[in-house]
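Here's the structure we're looking at; comments come further down.
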Amino acid sequence: MYVAQVGWIMAAFTMFKTQVGIGVLSIPSAFNQMGLLGGVVCLLLVHKIALWLGYQIGQAGLRHPDVRAFDDVGQKLFGRWGRLLFGTVYWLYFIFVGASAVLGISIALGVLTNNSRCALDYFVTASCIAWILASIKTVARLAPLSIVGAASIGTSLAVLTIALIVRGRPETAPSAGPWVSDYKLVKYPTFTETLSAVSCIVFAYSGVPAFFTIHAQMREPKHYNRAMFASLSGVFTVYATVGIIVYIYCGSHVSSPALGSAGGDIEKVCYGIAIVGLCVTACLLCHYPTKQTYSLATALIQKLGPGNDPQQAAERTFSHRTTTLTWYSSSGLVALTAFLIASGIPNFSELVSLVGALLGAAICFPPLACLWFKDHWSSEQRTRKFWLKVMWHAFLIAAGVFMMCAGTYAAVGDILHAGQGRAPFSCAPLSQRAGSSE
């Protein structure tokens with residue numbers, strides 16, 4: 001996301017919007033897997049890591065004013081090939097998170113229409129919405145949409161939590177007699193269940209690398225830390241509040257996405273409000289890879305066009321028709337890829353877990369830790385404080401690699417297990433795919 005020259009308050013709000021979106025909808029399910037205490041502790045630990053990474057982004061931005069985006073970090077670390085690698089990984093990250101938004105829209109459409117049509121119809125509709133909205137060319141026109149989207153998801157979560165508190169039980173709980181939530185303060189999940197839950201929480205904080213762009217656009221970069229701490233404190237408050245309340249009142253009946261936990265008419269109200277935010281999220285997430293795809297396509301057209309003179313290729317211009325066709329083809333390719341991912345992995349928690357482990361950990365932990373080593377290894381005295389920082393950043397690299405390997409293994413296992421009863425590219429009702437695994 002790009003922002004204009006802004007003060008720290010607007011920067012804090014922008015950082016908050018980059019974090020709170022799809023990820024918060026999987027937090028209660030993660031608590032269900034780990035137990036209330038384990039979930040809160042894990043959320044707090046990932047939050048502390050995110051604070052440290054956010055702080056390092058501010059310090060790196062001051063040391064390297066030319067670092068304005070994630071692929072610039074790759075340029076600093078590994079040169080031209082590093083920029084290509086980091087840019088590709090970031091492109092894939094946005095594609096997969098956009099697929100999560102497409103899946104969320106499809107689930108919402110299924111709930112609002114009582115799953116009266118084939119699930120593939122909802123996937124196609126959601127992908128077309130993402131295609132149309134992501135085709136908006138001007139970034140300035142997308143900025144107001146982000147505010148509307150954040151308000152939409154925030155309102156739906158507020159309605160959900162209030163409804164659960166007032167009703168005292170989810171729709172799927174026994175209706176006869178008193179009911180006591182079966183939430184667990186302490187649970188003993190398996191190794192793969194733990195990894196899947198941690199991956200969902202990592203996914204919820206994986207928007208941190210976007211802070212590079214926000215830092216670069218601030219009027220007063222010295223106020224970055226103030227904005228970063230304020231935004232991440234708000235993010236943690238929202239995540240903890242939604243996770244705790246929904247899990248305590250739903251127990252094992254919690255759904256993923258969390259908006260389905262209340263059930264009945266409340267579920268429809270929540271999805272009816274949130275679908276606006278989900279559409280905006282899909283738009284914003286698909287817009288970035290659309291721009292990258294368009295840039296690559298235009299570069300290839302220039303290179304492969306008539307004439308071999310590099311100077312002529314650089315000066316060659318496109319007609320309005322060619323430019324428009326290339327742009328809409330790029331957004332269509334992105335939407336098609338998101339459709340294939342969403343309909344191929346039609347389980348919200350499993351898809352979020354896969355993205356968090358494979359791509360979220362990859363873009364958050366190792367790159368920023370490696371950048372710290374590059375900046376400090378040869379410039380600081382070998383004091384005890386220095387070696388403690390070395391151990392901490394080495395841990396971040398190891399944790400990132402571990403999550404990428406073991407977390408992806410656990411997520412793929414969950415996807416294969418869920419696929420035994422819920423085949424991809426099928427017409428099975430999406431509401432069944434939104435439920436808890438327990």
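The values are calculated or read from the model by the stated rules, or taken from the named source; none is laboratory data. Quantities reported herein were computed from a predicted structural model and do not represent experimental measurements. Cβ sites come from the backbone with ideal geometry, for glycine too, and all protein chains shown count toward neighbours.
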For the range 293-311, pairs from a residue that is at negative phi to a residue that is modelled with pLDDT under 80 and small (Gly, Ala, Ser), with Cβ under 8 Å and 6 or more apart or across chains, are Gln302/Ala313; Gln302/Ala314; Lys303/Ala313; Gly305/Ala313
Of the listed residues (Phe16, Phe94), the one being hydrophobic (A, V, I, L, M, F, W, C), touching a Phe, Trp or Tyr at 6+ places or on another chain (Cβ under 6 Å), closer than 22 Å to Leu232 by Cβ and part of a helix (DSSP H, G or I) is Phe94
Result of the Cβ filter at 8 Å on the range 211-236, keeping first residues that are among the acidic types (Asp, Glu) and partners that are modelled with pLDDT under 90, at least 6 apart or interchain, is Glu220/Gly7; Glu220/Trp8
All-but-one check, Lys385 against (1) over 25 Å from the mean Cα position of the chain (by Cα); (2) modelled with pLDDT of 85 or more; (3) surrounded by 13 or more Cβ atoms within 10 Å (Cβ to Cβ), failing number (3)
Out of (1) among the acidic types (Asp, Glu); (2) closer than 25 Å to Val124 by Cα; (3) surrounded by fewer than 24 Cβ atoms within 10 Å (Cβ to Cβ), the one Glu380 does not meet is (2)
Just checking, does the range 225-239 include any residue being assigned to a helix (DSSP H, G or I), in contact with a Leu (Cβ under 8 Å, 6 or more places away or on another chain) and hydroxyl-bearing (Ser, Thr, Tyr)?
yes
In the set Ser252, Ser256, the lone residue that is assigned to a helix (DSSP H, G or I) and touching a helix residue (DSSP H, G or I) at 6+ places or on another chain (Cβ under 9 Å) is Ser252
Filter pass, Val355 being in a helix (DSSP H, G or I) and closer than 19 Å to Gly54 by Cα = no
- prompt: Residues in the range 376-399: is at least one touching a Gly at 6+ places or on another chain (Cβ under 8 Å) and closer than 22 Å to Ala50 by Cα?
  reply: no
Across (1) farther than 18 Å from Pro366 by Cβ; (2) modelled with pLDDT under 90, Ile95 clears everything bar (2)
Exactly one of Ala30, Ala50, Ala60 is farther than 30 Å from Lys76 by Cα, touching a residue at least 12 places away in the same chain (Cβ under 8 Å) and not aromatic (Phe, Trp, Tyr), and that residue is Ala30
Within the range 48-66, the residues that are closer than 22 Å to Val198 by Cβ and among the charged types (D, E, K, R) are Lys48
Expected single match for buried (at least 24 other Cβ atoms within 10 Å of the Cβ), in contact with a Cys (Cβ under 6 Å, 6 or more places away or on another chain) and within 14 Å of Val276 (Cα to Cα) among Ala101, Ala130, Ala126 is Ala130
Confirm whether Tyr224 is surrounded by fewer than 17 Cβ atoms within 10 Å (Cβ to Cβ) and at negative phi.
no
Scanning the range 21-69 residue by residue, the ones that are assigned to a loop (DSSP other than H, G, I, E, B) and crowded, with 24+ Cβ neighbours inside 10 Å total 2
For the range 415-429, state whether one or more residues are among the aromatic types (Phe, Trp, Tyr) and at pLDDT 90 or above. no
Residues in the range 82-98 that are within 19 Å of Ile397 (Cβ to Cβ) and without any contact (Cβ under 8 Å) to a residue 60 or more places away in the chain total 2
Looking across the range 168-183 at residues that are at pLDDT 80 or above and farther than 24 Å from Val235 by Cα, the single one that is farthest from the chain's Cα centre (by Cα) is Val180
Considering the range 161-212, residues that are in a loop (DSSP other than H, G, I, E, B) and of a type in the set (A, V, I, L, M), and then whichever is surrounded by the most Cβ atoms within 10 Å (Cβ to Cβ), we arrive at Ala173
Tell me whether the range 197-217 contains one or more residues that are among the hydroxyl-bearing types (Ser, Thr, Tyr), within 17 Å of Phe31 (Cβ to Cβ) and under 21 Å from the mean Cα position of the chain (by Cα). yes
When restricted to Lys385, Lys389, Lys374, the only residue in contact (Cβ under 8 Å) with a residue 24 or more places away in the chain, part of a helix (DSSP H, G or I) and among the basic types (Lys, Arg) is Lys374
Residues of the range 235-280 being under 24 Å from Ile49 (Cβ atoms) and hydroxyl-bearing (Ser, Thr, Tyr), in sequence order, are Thr237, Tyr239, Thr241, Tyr247, Ser256
Within the range 262-305, the count of residues that are at pLDDT below 85, more than 18 Å from the chain's Cα centre (by Cα) and either crowded, with 21+ Cβ neighbours inside 10 Å or not in a helix (DSSP H, G or I) (or both) comes to 3
